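Asks: What follows is a structure written as structure tokens; I'll ask about it next.
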Amino acid sequence: MFKDTIAFIRDLYQTEDFIPLHEPRFIGNEKQYLEDCIDSTFVSSVGAFVDRFEADMAQFTGAKHAIATVNGTAALHVALLLAGVERDDEVITQPLTFIATCNALSYIGAHPVFVDVDKTTVGLSAEKLEHFLKHETIMVNGACVNKTTKNKIKAVVPMHTFGFPADIAGIAQLCERYNIALVEDAAESLGSYYKGQHTGTFGLLGTLSFNGNKTITTGGGGMILTNDSNLAKAAKHLTTTAKVPHPWNYEHDRIGFNYRLPNLNAALGCAQLESLPQYLENKRDLANIYKSFFESQDVIFIDEPKDTRANFWLNALLLKNKSERDAFLKETNDNGVMTRPIWKLMNKLPMFQHAQTANLDNAEWLEERIVNIPSSVRI
Ligand SMILES: *Cc1c(COP(=O)(O)O)cnc(C)c1O
């Protein structure tokens, strides 16, 4: 049934071997910088590559400050702490996301509240968010309080799914109106823009991931983005064991985290970031090729939403129904072309099954139909 699709993807990647969903490419200065890093002996949590990676990332995204972390989950954990999220506070996010979004807020003892996504952006819906805030919350002394649980809603965490920017301007406006911190999970959207502004820079804080399957990789790594210099200082402090700077004394002023990105990983990141513009162009070409092919197959290819520029991290299709999706997954994977369904909705996992949910019609509908197809940079 999907023979043509499998042949088409094989032809795109020019191989009869297994085709993964997304594999990293090392076509630039990676080996050179790793060697330089080893030669310097600064392979661990301080070093010139960390500083450079942070500066380069701030420059690329347009964020005033960028603070590197060991991974994207750690970045999100610290960003939520800095946004003032505390135990038994609530954080609004989308049910259609990778588990890391919900893990990070759970580390603090906060609880997720799930609000639906838009079908067009596959990310948190501003319209649904407005509906929830209007009907399910009240303002008490300037704080947004959940009418049902009486807990404070401290943060909204939209996630730019597969690199497609969510309706972030609409979401940011609501966060302002209801005095809720906006923390963007931009783990998947490095190189994605909403009206020319980089994702992850619209709220109080944003976070990126450089895991091995992301657009660029540091092996493992993440980044906190912010335009607020006090938050940037606090982020650096909290991710480096809250050590008070001193030439020799061990003085720590709170319980901090060892979340600093090692210099070795940052060296890889500096080289990867140099290749990013080329990767983005390459991925956009691939998306355009897929788009015209799937049009001819009468299959919906998810394209970038209006007013946005996507990084096309993972290309995604919308199949007609669950049974067609399952047939697609089976036939492609059986033939060595890796495809994956979208994540199981967070509210269906045992840890979050009692979480409060708004109407999730769009997420439910998308969950049954979306598949990701091979999206690695073609070299
Ligand atoms: C990859 C990812 C993260 C962070 O993952 P790490 O592996 O910890 O770097 C967070 N949220 C989303 C949505 C992701 O896809």
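The values are calculated or read from the model by the stated rules, or taken from the named source; none is laboratory data. From a predicted model like this one, the values you see are computed outputs, not experimental measurements. No Cβ is skipped: glycine too gets one built from the backbone with ideal geometry, and neighbour counts run over all protein chains shown.
Asks: Suppose we filter 11, 36 for residues that are of a type in the set (Asp, Glu) and touching a residue at least 24 places away in the same chain (Cβ under 8 Å); which single one remains? Lay out the reasoning, then the answer.
Replies: On the way: 11 fails: touching a residue at least 24 places away in the same chain (Cβ under 8 Å).
After ruling out the rest, the residue left standing is 36.
Asks: Would you mind finding the one in 269, 256 that is part of a helix (DSSP H, G or I), under 28 Å from residue 37 (Cα atoms), in contact with a helix residue (DSSP H, G or I) (Cβ under 8 Å, 6 or more places away or on another chain) and not hydrophobic (A, V, I, L, M, F, W, C)? Steps first, answer last, please.
Replies: Values: 256 fails: part of a helix (DSSP H, G or I).
Of the residues listed, the single one that is part of a helix (DSSP H, G or I), under 28 Å from residue 37 (Cα atoms), in contact with a helix residue (DSSP H, G or I) (Cβ under 8 Å, 6 or more places away or on another chain) and not hydrophobic (A, V, I, L, M, F, W, C) is 269.
Asks: I would also like to ask the following. Closer than 30 Å to residue 275 by Cα, more than 23 Å from the chain's Cα centre (by Cα) and touching a residue at least 40 places away in the same chain (Cβ under 8 Å): does that describe residue 379?
Replies: Numbers: closer than 30 Å to residue 275 by Cα: yes; more than 23 Å from the chain's Cα centre (by Cα): yes; touching a residue at least 40 places away in the same chain (Cβ under 8 Å): yes.
So residue 379 fits the description; yes.
Asks: In the range 141-215, which strands (runs of 3 or more DSSP E) lie fully inside it and hold 1 or more residues that are under 17 Å from the mean Cα position of the chain (by Cα) and within 14 Å of the ligand (Cβ to nearest atom)? Walk me through it before giving the result.
Replies: Details: elements: 143-146, 153-157, 181-185, 205-209.
Strands (runs of 3 or more DSSP E) meeting the threshold: 153-157, 181-185, 205-209.
Asks: Give the residues of the range 34-67 that are under 17 Å from residue 191 (Cα atoms) and either in a strand (DSSP E or B) or touching a helix residue (DSSP H, G or I) at 6+ places or on another chain (Cβ under 9 Å) (or both), sorted by residue number.
Replies: 53, 54, 56, 57, 60, 63, 64, 65, 66
Asks: Separate question: The conditions are (1) charged (D, E, K, R); (2) closer than 18 Å to residue 85 by Cα; (3) in contact with a helix residue (DSSP H, G or I) (Cβ under 7 Å, 6 or more places away or on another chain), and residue 119 fails exactly one of them. Which is it?
Replies: Only one criterion in (1) charged (D, E, K, R); (2) closer than 18 Å to residue 85 by Cα; (3) in contact with a helix residue (DSSP H, G or I) (Cβ under 7 Å, 6 or more places away or on another chain) is unmet by residue 119, namely (2).
Asks: What number of residues within the range 79-96 are within 16 Å of the chain's Cα centre (by Cα) and outside any loop (DSSP other than H, G, I, E, B)? Don't jump to the end; show me each part of the working.
Replies: Filtering the range 79-96 for residues within 16 Å of the chain's Cα centre (by Cα) gives 79-80, 92-96.
Retained after the next criterion (residues that are outside any loop (DSSP other than H, G, I, E, B)): 79-80, 92-93.
Of the residues in that region, 4 qualify.
Asks: Can you name the residue in the range 110-140 that is part of a strand (DSSP E or B) and without any contact (Cβ under 8 Å) to a residue 60 or more places away in the chain and is also farthest from residue 359 (Cα to Cα) among such residues? Spell out how you get there, then give the answer.
Replies: Narrowing the range 110-140 to residues part of a strand (DSSP E or B): 111-114, 117, 124, 137-140.
This time we only want the ones that are without any contact (Cβ under 8 Å) to a residue 60 or more places away in the chain, so: 124, 137-140.
Working: 124: 12, 137: 15, 138: 19, 139: 22, 140: 25 Å.
Filtering the range 110-140 for residues that are part of a strand (DSSP E or B) and without any contact (Cβ under 8 Å) to a residue 60 or more places away in the chain, the one farthest from residue 359 (Cα to Cα) comes out as 140.
Asks: If you take the residues of the range 97-109 that are more than 10 Å from the ligand (Cβ to nearest atom) and not in a helix (DSSP H, G or I), which of them is farthest from residue 356 (Cα to Cα)?
Replies: Filtering first and then ranking leaves 108.
Asks: Taking only the range 224-242 into account, find how many residues are loosely packed, with under 15 Cβ neighbours inside 10 Å and either on the phi > 0 side of the Ramachandran plot or without any contact (Cβ under 8 Å) to a residue 24 or more places away in the chain (or both).
Replies: 2
Asks: Another question about this same structure. Any idea how many residues of the range 28-61 are β-branched (Val, Ile, Thr), at pLDDT 95 or above and closer than 30 Å to residue 203 by Cα? Reasoning before the result, please.
Replies: Taking the range 28-61 and keeping what is β-branched (Val, Ile, Thr), we get 38, 41, 43, 46, 50, 61.
Add one more test, that the residue is at pLDDT 95 or above, and what stays is 38, 41, 43, 50, 61.
Going one step further and asking which of them are closer than 30 Å to residue 203 by Cα, we end up with 50, 61.
Qualifying residue count, the range 28-61: 2.
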